[in-house]
Amino acid sequence: MARGQQKIQSQQKNAKRLAEKKKQQGNDQKAAAKAALVFTCPVCRTQMPDPKTFKQHFESKHPKSPMPAELVDVQA
């Protein structure tokens, strides 16, 4: 077993390694989530991941606005 100074150094090294791992993991998830939001509503600028969700959003939130051309042939 490590004692004294070795123990303290080992704990500090482990804490630093875990902090770097946690920081790296968080950024990757944010970037992936942001990249998944591909469609943007032209009226309210809300981002959605797929055309089906986009069409449902548009029909429920903006019923009086004309349907965008990319959503005309999408089945919700």
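The values are calculated or read from the model by the stated rules, or taken from the named source; none is laboratory data. Please read these numbers as outputs of a predicted model, since none were measured by experiment. Positions of Cβ are generated from backbone atoms using ideal geometry, with glycine treated the same way; all protein chains shown enter the neighbour counts. The accessibility values were calculated without ligands, DNA or RNA, using every heavy atom of the protein model including side chains. Shrake-Rupley method; radii C 1.70, N 1.55, O 1.52, S 1.80 Å.
What number of residues within the stretch 12-38 are open to solvent by less than 60 Å² (accessible area, probe 1.4 Å) and in contact (Cβ under 8 Å) with a residue 12 or more places away in the chain?
Residues flagged as open to solvent by less than 60 Å² (accessible area, probe 1.4 Å) and in contact (Cβ under 8 Å) with a residue 12 or more places away in the chain within the stretch 12-38 amount to 1.
Only one of (1) at positive phi; (2) open to solvent by 70 Å² or more (accessible area, probe 1.4 Å) is not met by Gly4, so which one is it?
Here Gly4 clears every test but (2).
Does Lys55 satisfy being open to solvent by 70 Å² or more (accessible area, probe 1.4 Å) and basic (Lys, Arg)?
no
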